[in-house]
Amino acid sequence: MKIMVLGAGLVGGPMALDLAEDPGFEVTVADVSEDALARLRDRNPGIATVRQDLSVPAEAGALVAGFDLVISAVPGCMGYATAKAVIGAGKDLVDIAFFSEDPFDLNELAEEKGVTAVFDCGVAPGMSNLLVGYADQQLDETDSVLIYVGGLPEERVWPFEYRAVFSPADVIEEYTRPARYVENGALVVRPALTDPEIINFPHVGSLEAFNTDGLRTIATTIDAPNKKEKTLRYIGHIEHMAVLREAGFFDKEEIEINGARLRPLDLTSHLLFKSWKLEEGEVDITVMRIIIEGKKSSRSIRYTYELFDRQDEVSGIHSMARTTGYTATVIARLLAEGMFTQKGAIVPEFIGRDEACVDFILAGLADRGVTYDEKIEDIEEYGAAPESGGSGHNLVRLVASGGR
C-alpha cells in the first residue's frame with residue numbers, strides 16, 4: 001500500500017517513521033521544509049520525500065493522486081481545506097489536524113467519492129472519542145462523559161511551566177475559542193480557561209483543569225445529558241494565559257505600531273515559541289483521564305480510562321507525538337487490514353462501537369508502548385465490588401509500565 005503523509009513536523013515525522021517499519025507500506029512524506037525531510041531520510045532512507053508547500057489545497061489534491069491512503073498532519077488552519085482536497089481526489093484519509101470546521105460537512109463528498117475519511121485521530125480528540133464510543137456502546141444508557149487531558153513538560157521551568165510540541169498559535173486557540181459542553185441536556189458555551197479544578201494524578205501530582213473547546217463531535221454523536229472536556233496544565237498556567245488574553249496579546253485584529261501593522265497574536269506566538277519550545281534533552285509527558293457513567297441492566301456503572309505516557313528514551317520521540325501520531329498510524333493499519341470499511345466522514349467514536357476495532361487499536365498502541373488502564377466499577381448506592389476488566393472488553397494494564 002502506498003501512503004502519503006502530509007507534514008514532516010514533530011508528529012508527522014514520527015508517523016512516517018512508524019509506518020515505514022511495516023514492509024507492506026511504501027511511505028512518502030511531503031513538507032515545505034527541506035530540513036525536516038532531510039532528518040527523516042537520515043533516520044530511514046527508505047522514506048521517499050517531496051518538498052511541497054501544502055498551504056495550497058488544490059496542489060495537495062494533485063499530490064496524493066498516486067497513493068492509496070493519505071495521513072494529514074498539517075496545521076489546524078489548513079486542515080479542513082486539505083481534507084476536502086484529499087477527499088475530492090478520491091483518497092482514504094486519516095486526519096490529525098485539529099480544525100475548527102465541522103468534519104461532518106465533508107460527509108456528503110466522502111460518500112460520493114466512496115472514501116473513508118477518519119478525522120480527529122489523535123489522543124484527544126481521538127482516543128478519548130474512541131473509548132467514550134466503546135463505553136457508550138456497552139452501556140444501556142450513558143449519563144455523563146468527562147475528559148481531562150494535557151501534554152506537559154516533565155520538568156517545570158519558569159515562567160510558563162509549559163512546552164508545546166506543535167504550533168503555539170494552535171495552543172493559543174485553545175485559550176481563546178469559547179468552550180462548548182453539554183449540561184443537563186443543554187449546550188453550554190463558556191469562555192476558555194474557566195471553571196478551574198485541582199485534580200491529582202499518579203506520577204504527576206496536582207494539576208489544574210479548565211474549560212477548553214475539546215469536546216468536538218462527542219457533543220452530538222454521544223447521547224448523554226452531561227459531556228465535558230477539560231485541559232490539564234501545571235497549577236498557575238490559567239492565570240498566566242488569562243492575563244495575556246485579557247490584555248490583548250491574543251487578539252487577531254491588526255494594530256499599528258510606529259507605522260507598522262501587525263496582529264498581536266502573531267507577535268505573541270513568535271515570542272512564546274521561544275519559551276514553549278521543547279529543547280533538546282527535555283522530556284514531555286501526556287496525561288489523560290476519561291470517566292463515563294451510565295446504566296447497564298439497571299445498575300449504575302462507571303468506566304474510567306487512564307493514560308500516563310512519557311517521551312521514549314531510546315528513539316527520543318516526544319510523548320505527544322507518540323500518543324497522537326501512533327493513534328493515527330494504528331487506525332491507518334486498521335483501514336489497510338479492511339477491518340473498518342464504512343464510507344463517509346468518520347470520527348473515532350464510530351470506530352469505538354466495534355469491539356474488534358477497539359482491541360486492534362489498543363493492542364497496536366500497546367506494542368508501541370502507549371497503554372491505557374481501564375477500570376469498570378459498579379457505583380450503585382450500596383456498591384458492589386469493582387469489576388476487574390468488566391464483562392465484555394477485557395483491558396487491565398498498569399499504565400506506569402507502559403512498555404518503556
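Here are the numbers for this structure:
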read-out: Cross-chain or 6+ apart pairs with Cβ under 8 Å, the range 29-41 first and in the same structural domain as ASP18 (by TED's automatic domain parsing) and closer than 10 Å to GLY7 by Cβ, then of a type in the set (Ser, Thr, Tyr) and buried (at least 18 other Cβ atoms within 10 Å of the Cβ); value: VAL29/THR49; ALA30/THR49; ASP31/THR49
read-out: Of residues in the range 174-192 being touching a helix residue (DSSP H, G or I) at 6+ places or on another chain (Cβ under 7 Å) and within 21 Å of LEU271 (Cα to Cα), the one surrounded by the most Cβ atoms within 10 Å (Cβ to Cβ); value: TYR175
read-out: Neighbours by Cβ (under 8 Å, 6+ apart or cross-chain): first from the range 123-135, under 14 Å from LEU365 (Cβ atoms); second polar (S, T, N, Q) and not in a helix (DSSP H, G or I); value: VAL123/THR286
read-out: Which listed residue, of ILE71, ILE47, is surrounded by 15 or more Cβ atoms within 10 Å (Cβ to Cβ), without any contact (Cβ under 8 Å) to a residue 60 or more places away in the chain and assigned by TED's automatic domain parsing to the domain that holds ASP92; value: ILE47
read-out: Residue tally, condition of a type in the set (D, E, K, R) and either within 23 Å of the chain's Cα centre (by Cα) or surrounded by 15 or more Cβ atoms within 10 Å (Cβ to Cβ) (or both), over the range 6-40; value: 5
read-out: Selection status of ILE285, over 22 Å from ALA209 (Cβ atoms), outside any helix (DSSP H, G or I), in contact with a Gly (Cβ under 8 Å, 6 or more places away or on another chain) and β-branched (Val, Ile, Thr); value: no
read-out: Criterion (in a helix (DSSP H, G or I), of a type outside the set (D, E, K, R) and under 30 Å from ASN184 (Cα atoms)) met by exactly one of LEU146, LEU130; value: LEU130
read-out: In the range 193-225, residue surrounded by the fewest Cβ atoms within 10 Å (Cβ to Cβ) [restricted to those that are charged (D, E, K, R) and closer than 30 Å to ALA345 by Cβ]; value: ASP223
read-out: Among (1) touching a strand residue (DSSP E or B) at 6+ places or on another chain (Cβ under 8 Å); (2) in a helix (DSSP H, G or I); (3) among the small types (Gly, Ala, Ser); (4) under 27 Å from LEU244 (Cβ atoms), the one test that ALA192 misses; value: (2)
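Rundown of residues vs (1) of a type in the set (A, V, I, L, M); (2) modelled with pLDDT under 95, yes/no style:
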residue: ILE3; (1), (2): yes, no
residue: VAL11; (1), (2): yes, yes
residue: LEU37; (1), (2): yes, no
residue: THR49; (1), (2): no, no
residue: SER55; (1), (2): no, yes
residue: PRO75; (1), (2): no, yes
residue: LEU93; (1), (2): yes, no
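The values are calculated or read from the model by the stated rules, or taken from the named source; none is laboratory data. Computed from a prediction, not measured in an experiment: that's the story for all the values here. Positions of Cβ are backbone-derived with ideal geometry, glycine not excepted, and every protein chain shown enters the neighbour counts.
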